[in-house]
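Worksheet: the structure to be examined is printed underneath.
Only the coordinates and a few stated rules stand behind these numbers; no lab work does. None of the values given here were measured: they were computed from a predicted structure. Please note: Cβ atoms are built from the backbone with ideal geometry, for glycine as well, and neighbour counts cover all protein chains shown.
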Amino acid sequence: MRPPAAAPRGGLMSRRKKIYEGKAKILYEGPEPGTIIQYFKDDATAFNAQKKAILEGKGVINNQISGFIMQNLNAIGVPTHYIKTMNMREQLVREVEIIPLEVVCRNVAAGSLSTRLGIEEGTPLPRSIIEFYYKKDELGDPMVAEEHITAFNWASTQEIDDLMALTLRVNDYLFGMFGAVGIKLVDFKLEFGRLYEGDMVRTVIADEISPDSARLWDVQTNEKMDKDRFRRDLGNVTEAYVEVARRLGIVKQAGISEVAG
Ligand code: ADP
Ligand code: MG
């Protein structure tokens, strides 16, 4: 009798099925049904992926920052897809059906809002503003109104209410969290998903919350500590992300060697 052919027993990487590879992350099948593993790459893209680079260590630091924030949100009762951090570049999350919207919340004028409406960057907004963008790379993620969202069935009116309420709670929480460490939360983008539990469906925060998806300015100097450093060729991109993590108490040292892997 011959023993059965040995199953491939390489590292985890070789046994896992890749579900999707995006611009900044790879999704793998998770260990349990309904779970997936998010692998954070070092790839940086901007302007609808017309500008590209590899920023060594970025994936490691974004995995840590996003995991930290999601964990804190879970703890205050804001539902997210996050389950746990597996290692330097990977986190285990619940698989959701992504709602094809990018929900942007702004506290201070910057980026496309400044360009479109002619409001100088850095101008505080009279109140927090929520915007919706249709998540469609081919179209460059165009801004849409609630009318489009319901007419085309991207989300229901109930879901839009949930998205707005959750976004405002995240804004309140993150504004305070970053403010406490001398960082101004200028704006950020959220993605949401539908989490099916039996015959129940819940709206939860998915994807990532990191300096790739938020504008973070030093309160004292207005120095940018986010992806605008990459978009605008300001240099020291990963270093700025590490400084965000250091201030939040996620990493001890400002040295990139601590997190690059
Ligand atoms: P993209 O280039 O589409 O932005 P990313 O590199 O950011 O992709 O990879 C993450 C992808 O996985 C995104 O398309 C995002 O919508 C999706 N995603 C994020 N979290 C989840 C989740 N919990 N379940 C399923 N898909 C998710
Ligand atoms: Mg993305």
- Cβ-derived FRET efficiency at R0 30 Å, Gln220 paired with Asn87, nearest 0.05: 0.30
- Message: Springs between alpha-carbon pairs under 10 angstrom, Gaussian network model over the chain: which of Gly67, Gly182, Gly22 fluctuates most?
- Response: Gly22
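Pull out the extension gain between Ser112 and Lys52, defined as 0.36 nm times the separation in residues minus the alpha carbon to alpha carbon distance; nm, one decimal.
19.6 nm
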- Env charge @ Thr45, Cβ radius under 15 Å, K,R +1 / D,E -1, value -1
- What angle, in degrees between 0 and 90 and rounded to the nearest 10, separates the Cα long axis of helix 157-179 from the longest principal axis of the Cα atoms of the chain? 80 degrees
- With springs only between Cα atoms under 10 Å apart, run a GNM on the chain and tell me which of Glu191, Glu90, Glu21 wobbles the most. Glu21
- Sorted from largest down, give the three principal axis spans of the alpha carbons of segment 70-182, whole angstrom values. 43, 40, 27
- Relative to the chain, whose Cα atoms define the longest principal axis, helix 237-247 and its Cα axis are tilted in degrees, nearest 10, by 90 degrees
- Message: Restricting to Cα atoms and excluding each atom paired with itself, what does the Kirkwood estimate give for segment 135-178 in Å?
- Response: 12.1 Å
- Expected max-MSF residue from Val237, Val144, Val108 in the GNM of the chain (alpha carbon, under 10 Å) is Val144
- To the nearest 0.05, how large is the calculated FRET efficiency for Ala165 and Lys23 if R₀ is 41 Å and r is the Cβ-Cβ distance? 0.90
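Measure up Lys18/Lys184; Lys41/Lys189; Lys17/Lys184 against 30 Å on the Cα-Cα distance and list the ones that go over.
Long pairs (Cα-Cα over 30 Å): Lys18/Lys184; Lys17/Lys184.
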- What dipole magnitude, in Debye to the nearest 20, does the chain give about its Cα centre under +1 on Lys/Arg Cβ and -1 on Asp/Glu Cβ? 920 debye
- Task: Please state, to two decimals, what the Cα-based radius of gyration of the chain comes to when divided by 2.2 N^0.38 Å (N = residues).
- Result: 1.05
- Mind putting together the pair-distance distribution for segment 107-261? All Cα pairs, 10 Å bins, whole percent per bin, short to long. 9, 34, 35, 18, 4, 0
- If you look at just the Cα atoms of segment 12-140, how large are its Rg and its Dmax in Å? 17.0, 52
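Kindly provide the chymotrypsin sites (Phe, Trp or Tyr not before Pro) of segment 137-228 that DSSP labels as loop, not H, G, I, E or B, and whose Cβ sees at most 15 other Cβ atoms within 10 Å.
Phe152
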- Message: Can you compute the modelled spin-label distance between Asp199 and Phe152, with each label point 7 Å from Cα toward Cβ, in nm?
- Response: 3.2 nm
